[in-house]
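Written below as structure tokens is the structure these notes are about.
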Amino acid sequence: MEGLEIVWLSKDFARVWADELLRIKNLIPTPPWTKDILLNDSWADGKYGKGKWERSWVALLNEQIVGLTLCWEKPAEEGTLYTTNSLYIQSMAVDTPWQRKGVGWQMVARVLDDARERGLLYLNTPNPMLVTTQTNSADWNQGVINFYIKCGFRIIGATEIHDRTDVVLAQTV
Ligand SMILES: CC(C)(COP(=O)(O)OP(=O)(O)OC[C@H]1O[C@@H](n2cnc3c(N)ncnc32)[C@H](O)[C@@H]1OP(=O)(O)O)[C@@H](O)C(=O)NCCC(=O)NCCS
């Protein structure tokens, strides 16, 4: 798409544009985020969120924010489908008028390129390296699952989270 740029999401950028980023992030049908959640650096005593401000991206169309993806380095967790460390796509959202125009696909391409180029910065990981994500398995979310599959992910299993079941998707870079 002409005029589309995928740029690195720094914490300073997120602070300045928090309201707009949250409006787009909260298009995802999960409990809405607050500014504090958006701007946190990590949680669970630093276990989650590593590298968030180095691995996340914003889509700008003629300098207007039209999408974002928040990613971080996820450690392997015994007893889960996350059997190795991975670069984890925690959220991916494109503003409504700009959906189905390739913006999401371009953001995923940037995440994959970044993973290929830099590997993981904080977690010691053997090659090959995985990029992972998870999303609601419900019928109404099949469009999102289809999106990830079109972007090269495959479903590696399902996991219970709170009151729902998510599919976990992964691809090797
Ligand atoms: C899911 C989302 C990020 C996809 O971004 P997008 O920019 O609209 O997707 P793209 O245009 O890059 O789609 C690439 C391909 O994925 C598939 N795809 C994307 N959205 C789809 C949908 N709703 N239904 C079926 N297939 C879909 C298509 O094959 C599409 O190619 P095509 O349009 O040429 O057929 C976006 O729709 C969105 O933000 N949705 C609301 C928030 C959300 O639920 N996010 C996901 C949870 S983390």
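Here, each number is a calculation from the coordinates, and none is a lab measurement. Treat the numbers as computed from the prediction; the structure is a model and nothing was measured. Using ideal geometry, Cβ is built from the backbone for each residue, glycine included, and neighbour counts are taken over all protein chains shown.
The calculated 222 nm mean residue ellipticity attributable to helices in the chain amounts to -7500 deg cm²/dmol, summing -39500 (n - 2.57) over DSSP H runs of n ≥ 4 and dividing by all residues. The charge dipole of the chain, taken about its Cα centre with unit charges on the Cβ atoms of Lys, Arg (+1), Asp and Glu (-1) only, comes to about 200 debye.
Each other residue within a Cβ distance under 12 Å of Thr172 adds +1 if Lys or Arg and -1 if Asp or Glu, for a net charge of +2. On the principal axes of its alpha carbon atoms, region 63-120 extends 41, 24, 16 Å, with the longest extent given first. With the Kirkwood sum run over all distinct C-alpha pairs, region 9-86 has a hydrodynamic radius of 13.6 Å. Compare the Cα positions of Leu9, Gly143, Gly67 along the charge dipole of the chain (+1 at Cβ of Lys, Arg; -1 at Cβ of Asp, Glu; about the Cα centre) and return the one farthest towards the positive end. Projecting each Cα onto the dipole axis, the largest value belongs to Gly143.
Sites listed here are GluC sites (Glu not before Pro) in region 1-99 whose DSSP assignment is loop and whose Cβ has at most 16 other Cβ atoms within 10 Å: Glu2, Glu63, Glu77, Glu78.
Here region 42-169 has an Rg and Dmax of 14.6, 45 Å, counting Cα atoms alone. Of the chymotrypsin sites (Phe, Trp or Tyr not before Pro) found in region 111-173, those that fall in a DSSP loop while having at most 14 other beta-carbon atoms within 10 Å are Tyr122.
Note on region 118-173: with charges restricted to the Cβ of Lys and Arg (+1) and Asp and Glu (-1), its dipole about the Cα centre is near 320 debye.
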